[in-house]
Amino acid sequence: MSESTGLNSDSVPGPLGLIDMTNINRLTLAPQSPLQPSETEVETPTRPSFAQIAHLPQQKSRFLDIQIRLGRILFPRSISFRTVRLSPRILVKYGFQVDRSEAETMRFIADHTSIPLPKVHDCYSHNGLTHIFMQFIEGEELASAWHSMSQQKKFRVVAQLQRYLKELRELPSSTGGAVCNISGGALRDAPRIGEKPFGPFSSHGDFHAFIRNHVPLEKFRRLSQATINSHTREYSTKFTHGDFAPRNILVKKDGTIAAILDWECAGWFPEYWEFTKAHFSPCAARDWVSLIGSMTDRYDEQLEGEQALWKYCGEPGNPFTV
């Protein structure tokens, strides 16, 4: 039996009330604020940024709060930490740690690759709280589906992901060696870096210094030669999902990838970052972990160097420990 809400499935609550999604292209989107002089400025995607609303009328704010509360009641199975299903077709991701760059990334990926992901309908920020309204996609998390899959179906899943990550990594970078989000601004990576935005960085060297807490490389000589080797090599810059894990992949019953989700950690990184980050608390089956390198390319020495940083440095800003 299909679930029903009181909402039109082609409408979404926005800053001015219910927005008819058939007229979404007529919305006026405000440009993102320019980078500060001290930050790295790079070319932004051709898609305009979303609106940042200085003042949302109390009545509209209350209306949106009611919509979210109703969504939690009507679609309890769709609730996660920061997402609520509002109607049969619409999901909202919201929070103070949600960034508009995630919506811009999703639109950019949709425009330039064949990677399946939710269509972004609208996004706006108000008083530091960001809402991303997107398409709800049916599917089962690969994290739960993987264990009951046949080997043939697992190989089919991996083959699709190999193709999609290849597309992602072949996107031409306009940032040079900069490490930044899709718009040239700050990045987010709560699991690895912490809750606060970080960067952008004008070079891989600056990024590496940051993730080792600016500890000089010579201090790693008796701790991890792999870290020294990793942080002194030159890399190409690849667009990176940054949280590539089975929990962020939806599959259909036949093993077709329905969507790749959660692009909040995405950006331009050194080429090894997808591989090493996918090993950071993967919470996945052993055979999945063993296949990561076949999808991202292998960077074993860089992983060894990263593991030393996880042990001795932790999140940037924490004291260096021996």
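Can you give the charge dipole size of region 140-312 about its Cα centre, rounded to the nearest 20 debye, using +1 on the beta carbon of Lys and Arg and -1 on the beta carbon of Asp and Glu?
Using only the charged Cβ atoms, the result is roughly 280 debye.
Per residue and in cubic angstrom, what volume does the convex hull of the Cα atoms of region 140-312 have?
Details: hull volume 18.8 nm³, N = 173.
Here the figure is 109 Å³ per residue.
Using 16 Å as the cut-off for backbone N distance, which residues of region 192-221 belong to the label zone defined by a point 7 Å from the Cα of residue 304 along Cα→Cβ?
So the set is 220-221.
Could you give the nm distance between label points at residue 113 and residue 222, where each point is 7 Å from its Cα heading toward the beta carbon?
4.4
Which order do peptides 270-283, 128-141 fall in by mean Cβ count within 10 Å, highest first? Don't skip to the answer; put the middle values down first.
Details: 270-283: 19.9, 128-141: 17.8.
Highest-to-lowest ranking by the protection proxy: 270-283, 128-141.
Note the per residue figure in Å³ for the convex hull of the C-alpha positions in region 54-137. Please list the in-between numbers first.
On the way: hull volume 8.0 nm³, N = 84.
Cα-based convex hull of region 54-137, divided per residue, equals 95 Å³.
Give me the aspartates and glutamates in straight-line cross-link reach of residue 253: C-alpha distance below 13 Å, same-chain residues under 8 apart excluded.
Correct list for residue 253: 138, 140, 141.
Rounded to the nearest 0.05, what FRET efficiency do residue 147 and residue 229 have when you use their Cβ-Cβ distance and R0 = 41 Å? Could the numbers behind the result be given before it?
Numbers: r = 37 Å, r/R0 = 0.89.
Calculated value: 0.65.
Where a number appears in this text, it was derived from the coordinates with a stated rule and is not lab data. Being a predicted model, the structure only gives us computed values, none of them experimental. So basically every Cβ, Gly included, is an ideal-geometry build from the backbone, and we count neighbours across all protein chains shown.
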